[in-house]
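Beneath this line is the structure, given in structure tokens, with notes to follow.
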Amino acid sequence: MSALSIRNLTKTYSNGVQALKGIDLTVEKGEFFALLGPNGAGKSTTIGIVSSLVNKSGGDVEIFGHSLDRERALAKKKIGVVPQEFNFNQFEKVYDIVVTQAGFYGIPIAEARRQAEKYLRQLGLWEKRQSAARMLSGGMKRRLMIARALVHEPELLILDEPTAGVDIELRRSMWDFLIGLNEQGRTIILTTHYLEEAESLCRRIAIIDHGVIVENTDMRSLLEKLQVETFVLDLQRPLQSAPELCGFHVRLRDAATLEVDVPKTESLNRLFGALAEQDIQVLSMRNKANRLEELFVRLVERNADLAGKEAAS
Amino acid sequence: MSFTEQWVAFLTLVTKEIRRFVRIWPQTLLPPAITMSLYFVIFGNLVGSRIGDMGGFDYMQYIVPGLIMMSVIQNSYGNVVSSFFSTKFQHSIEEMMVSPMPAHVILTGYMVGGIARGLMVGGIVTVLSLFFTHLTLQHAWITLSVVVMTAALFSLGGFINAVFARNFDDISIIPNFVLTPLTYLGGVFYSLELLPDFWRAVTLANPIVYMVNAFRYGILGVSDVNVYTSLGTIALFVLGFYILALWLLRRGTGIRA
Ligand SMILES: Nc1ncnc2c1ncn2[C@@H]1O[C@H](COP(=O)(O)OP(=O)(O)O)[C@@H](O)[C@H]1O
Ligand SMILES: [Mg+2]
């Protein structure tokens, strides 16, 4: 049984914005799943519908086999949500926020207090339990929302851009925490527009853009889709223009730096042979960083092209 | 959600609502105590002695039930409209929306919170009034049911107001421009017998007249209108408002995009 199953989900907001144009998405139990996409792609809308904060326009959502339409309460019990924007009462105390949330799930007060303590300690907020939420730093507020989302022990944790605006060190410790939760068997879905985050945390990934899923696969095969690898070469002598190298696509980044796309099928020896023929001396060479980034840009560009053609026709 | 779980969620919300207005008592409980004491001093003691009898009672006694009702109405409405609106405004409403709490539990929780505030203020005002006059309790059950139903009705009214409100101005329009005039003209300060026929007929279209009179009947035993008709009508309105509020909440009006 899938943790989350989304079929042909559509959403048109009252102002006419078509945020989701019929997306399908399946997340299996135990997965650590990334929903990746640029701003405005429809990530928060998707999360909003799954967590009952946004009304869908059409389609079906099932959580661990429970339909959000027909078995809403059962479905809701299985999900914990950490939204993108802070959504707690700023004047309420940290402890009360978490205990009250447990109460809303029907957890009796004694157990609610135990659960609140457990997660406030795990997230390093126990010392701050009597502070008003507005006194917390941005990173602590984010962690407060994670503690609140876990208080009823959901099997599926959904985080909407959890590390936006969180500094790098805290980001790492949050990642470790999430990895720990996943290892205990919890299914985790996070949205992000940081590719590095998706790459280092998630084994499966979907890329969403303009309300359409443009890619839905596991991370490895996604990276394998990159048929070409790009290398950056630092040259000994500057060049006037990019040289013609048979079989390779070459760009001049600046006079003394070349970028070369090398197909997976080509050997690097042939590249160096071709360079030597033209008497181009290479001082150093490196792999162009973040291949996923490139892939992402390419996928999104392709999608934009298609959208453009659709509009034109 | 099982019944026990719903009950836990309900108690959680009601406790939260009560703690809210108790914590901010200088904004919620103190102002009506001061305002109503001023009414008692001015209308009861200073002016009231010159007015003489009203409906067979001295003026102070006559207006006390109306003033208690006035504070119940204002406070139950005010409690729910501001609490629910600020929950919406801060988005903490989402804490309930993501939970399996059914809409009727959320609505009833807010309603009971509003009733609690209305009754608490009503109780404070009643105790204060005893420093100025003595009251009887002619019909305890009628008194109790009319005050509880009125508090429920205005709590639900406040809820519906908050559902549609988009900013803080929207939550003060109804209290200032509808509730206050209707209450002042709702037979709190005078018996309808004093009015010319035309104005009496107009006044009878004001629902607050029935609440004030039914409550006054419970305490003093006099009323300008039929008490049982009033009680029945209030009950129908409570039911109607509840169904409307529940429908709005289920649809997510003003809450879910
Ligand atoms: N409440 C709303 N009303 C109208 N349009 C909205 C609303 N929320 C989001 N949108 C629009 O829907 C699209 C998708 O937004 P969103 O789901 O927030 O994207 P993401 O989370 O991927 O950045 C955007 O064009 C956004 O402007
Ligand atoms: Mg978003």
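Numbers below:
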read-out: Cβ-Cβ FRET estimate between A:Lys264 and A:Thr10, R0 fixed at 45 Å, reported to 0.05; value: 0.75
read-out: Sites A:Asp254 and A:Arg203, calculated FRET efficiency, Cβ-Cβ separation with R0 35 Å, nearest 0.05; value: 0.40
read-out: Point-to-point label distance, B:Asp170-B:Asn226, nm (Cα→Cβ direction, 7 Å offset); value: 4.0 nm
read-out: The stretch B:3-251 pair-distance distribution - Cα-Cα, 5 Å bins, rounded %; value: 1, 6, 13, 18, 19, 16, 12, 8, 5, 2, 1, 0
read-out: Binned Cα-Cα distances of the protein assembly as shown, short to long, each 20 Å bin given as a whole percent; value: 18, 38, 25, 13, 5, 1
read-out: Loop sites in the stretch A:45-88: trypsin sites (Lys or Arg not before Pro), DSSP, at most 11 other Cβ within 10 Å; value: A:Arg70
read-out: Estimated vicinal HN-Hα couplings, Hz - the stretch B:110-121 in sequence order (Karplus 6.51, -1.76, 1.60; Gly, Pro = x); value: 5, 4, 5, x, x, 4, 4, 5, x, 5, 5, 5
read-out: Per-residue [θ]222 nm for chain B (sum of -39500 (n - 2.57) over DSSP H runs n ≥ 4, rounded to 500); value: -23000 deg cm²/dmol
read-out: Difference of contour (0.36 nm per residue) and Cα-Cα distance, A:Ile168 to A:Glu277; value: 34.7 nm
read-out: C-alpha center-to-center spacing [the stretch A:7-41, the stretch B:204-257] in angstrom; value: 45 Å
read-out: Estimated vicinal HN-Hα couplings, Hz - the stretch A:92-106 in sequence order (Karplus 6.51, -1.76, 1.60; Gly, Pro = x); value: 7, 7, 3, 4, 4, 4, 6, 5, 4, 4, 4, x, 5, 8, x
read-out: Nearest-20 debye value, chain A charge dipole, Cβ charges on Lys, Arg, Asp, Glu; value: 1220 debye
read-out: Cut-off 13 Å between beta-carbons: net charge of the residues surrounding A:Leu239, Lys and Arg +1, Asp and Glu -1; value: -2
read-out: Amide H within-cut-off set for A:Glu28, under 5 Å, with H built and near neighbours excluded; value: A:Ala3
read-out: Which of A:Val81, A:Thr191, A:Ala132, positive extreme of dipole for the stretch A:2-219 (C-beta unit charges); value: A:Ala132
read-out: Residue order, fewest to most beta carbons within 10 Å, for A:Arg7, A:Arg171; value: A:Arg7, A:Arg171
read-out: Order of B:Ile173, B:Ile68 under a 10 Å beta carbon neighbour criterion, fewest first; value: B:Ile173, B:Ile68
read-out: FRET E, pair A:Arg114, A:Glu229, Förster distance 56 Å, beta-carbon r, rounded to 0.05; value: 0.60
read-out: For chain A, built as a Gaussian network whose Cα springs stay under 10 Å, the top-fluctuating residue of A:Glu266, A:Glu277, A:Glu31; value: A:Glu277
read-out: Choice from A:Leu150, A:Leu275, A:Leu190 showing the highest fluctuation, given a GNM over chain A with Cα pairs closer than 10 Å; value: A:Leu275
read-out: Most positive-pole-ward Cα, A:Ala164, A:Asn216, A:Leu258, against dipole of the stretch A:139-261 from beta carbon charges; value: A:Ala164
read-out: The stretch B:116-247: C-alpha pair distances exceeding 17 Å, %; value: 64 percent
read-out: Tilt relative to chain B, helix B:227-251 - C-alpha long axis, 0 to 90 degrees, to 10; value: 20 degrees
read-out: Residues B:Phe168, B:Phe198 arranged by fewest to most Cβ contacts within 10 Å; value: B:Phe198, B:Phe168
read-out: In degrees, nearest ten, helix B:207-220 long axis to first principal axis of chain B (Cα); value: 60 degrees
read-out: log10 of Debye I(q)/I(0), alpha-carbon scatterers only, for the stretch A:1-109 at 0.11, 0.14, 0.23 Å⁻¹; value: -0.41, -0.66, -1.33
read-out: Cβ charges +1 (Lys, Arg) and -1 (Asp, Glu), total dipole of the stretch A:225-291, debye; value: 320 debye
read-out: 19 Å tail of the calculated P(r), the stretch B:198-257, as % of Cα pairs; value: 48 percent
read-out: Percent of Cα pairs exceeding the 25 Å cut-off, where the set is the stretch A:112-216; value: 24 percent
read-out: Considering only the protein assembly as shown, percent of DSSP beta bridges that pair antiparallel, nearest 5; value: 70 percent
read-out: Convex hull volume per residue for the stretch A:2-219, taking Cα atoms only, in Å³; value: 116 Å³
read-out: Selection from A:Gln122, B:Ser223, B:Ile115 lying farthest towards where the dipole of the protein assembly as shown points positive, charges on Cβ; value: B:Ser223
read-out: Folded to 0 to 90 degrees: helix A:138-150 orientation relative to chain A principal axis, Cα; value: 60 degrees
read-out: Rough spin-label spacing in nm, given labels placed 7 Å along Cα→Cβ, for A:Asp176 and A:Asn55; value: 4.6 nm
read-out: Protection proxy ranking of A:82-95, B:26-39 - average other beta-carbon atoms within 10 Å, highest first; value: A:82-95, B:26-39
read-out: For the stretch A:231-284: span of alpha carbons on each principal axis (Å, largest first); value: 29, 19, 18
read-out: Top of B:Val125, B:Val105, B:Val81 by mean-square fluctuation, Gaussian network on chain B, Cα under 10 Å; value: B:Val105
read-out: Per-residue HN-Hα couplings for the stretch A:232-245 [Karplus 6.51, -1.76, 1.60; θ = phi - 60°; Hz; x = Gly/Pro]; value: 10, 10, 9, 9, 6, 10, x, 10, 7, 9, 5, x, 8, 10
read-out: Counted charge near B:Ala257, where neighbours are those whose Cβ lies closer than 11 Å (Asp, Glu -1; Lys, Arg +1); value: +3
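Throughout, read-outs are computed from the coordinates displayed, never taken from laboratory work. Since the model is a prediction, treat every value here as computed from it, not as a measurement. Here Cβ is always computed from backbone atoms with ideal geometry, including for glycine, and neighbour counts include all displayed protein chains.
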